[in-house]
Amino acid sequence: MPYHSFLCTDKHISIATLADVAALLLLLNGAYRGESSKKGWTNEAHLIDGDVRTDQVSLKEVLEKSESVLLKYENDNRNIIGCVNLQRYKNDIYLGMLAVNPMEQGNGIGKKLLKAAEEYTLNAHCHSIHMTVISVRTELIDWYKRNGYIDTCVRKPFIEDGRSGRHLQQLEFTVLKKVLKTNK
């Protein structure tokens, strides 16, 4: 499904473009790493040293990759305060980079982005969404479980990439999955 053919039912959610890179970098890095991330509950600052979750080159690659879309959530002032990346793999969607501005966390934006991800997945004629979450982030895994995701019991190594910070402890990913029900 071409990314430009998706229209979300939530007026605040739309497709991000290359013009959004600067704002998305601020959001992603501020939500996951550094001092600003500590104002929210979904940060990785205690697990990974540094202020960089992603960089301009990596983010542009995500935006330009075929079968990939990055949804953005804009507030009424047109500021990007949330996002999620969706990448198609056969009949499955990989969900990554779900981020909400730390000052806006707890306002339901994450749930709205998950709902939009599910809409996108069904519109793409896919039937499930999977993701990886750092296994020691139990509060985040529990949040996803409350939103219908299950722990597949699959673990994957989390290898330092030299760009996104030094791990402060041994880390691995937990693979979560949600099978979507169609209205047929």
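The values are calculated or read from the model by the stated rules, or taken from the named source; none is laboratory data. Predicted, not measured: the structure shown is a model, and the values here were computed from it. Quick reminder, even Gly has a Cβ in these numbers, built from the backbone with ideal geometry, and neighbours come from all protein chains shown. What goes into the accessible areas is simple: the full protein's heavy atoms, side chains included, and nothing from ligands, DNA or RNA. Shrake-Rupley method; radii C 1.70, N 1.55, O 1.52, S 1.80 Å.
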Matching residues, segment 99-145, being in contact with a Phe, Trp or Tyr (Cβ under 6 Å, 6 or more places away or on another chain), hydroxyl-bearing (Ser, Thr, Tyr) and buried (at least 19 other Cβ atoms within 10 Å of the Cβ): TYR120
Looking only at segment 68-98, and only at residues there that are more than 26 Å from GLU35 (Cα to Cα) and surrounded by 15 or more Cβ atoms within 10 Å (Cβ to Cβ), the one that is nearest to the chain's Cα centre (by Cα): LEU86
Contacts under 9 angstrom Cβ, first residue in segment 80-96 being more than 11 Å from MET131 (Cα to Cα) and in contact (Cβ under 8 Å) with a residue 24 or more places away in the chain, partner small (Gly, Ala, Ser) and assigned to a strand (DSSP E or B), 6 or more apart: GLY82/ALA99; CYS83/ALA99; VAL84/GLY96; VAL84/ALA99; ARG88/SER68; ASN91/SER128
Cβ-Cβ under 9 Å pairs, at least 6 apart or on other chains, segment 147-176 side on the phi > 0 side of the Ramachandran plot, far side part of a strand (DSSP E or B) and at pLDDT 95 or above: GLY148/LYS178; GLY148/VAL179; CYS153/THR174; CYS153/VAL175
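Could you list, in sequence order, all residues of segment 158-184 that are within 19 Å of ALA45 (Cα to Cα), open to solvent by 70 Å² or more (accessible area, probe 1.4 Å) and part of a strand (DSSP E or B)?
Taking segment 158-184 first, the residues within 19 Å of ALA45 (Cα to Cα) are 158-174.
Imposing the further condition that a residue be open to solvent by 70 Å² or more (accessible area, probe 1.4 Å) reduces the set to 159-163, 166, 168-170, 172.
ARG166, GLU172, listed by residue number.
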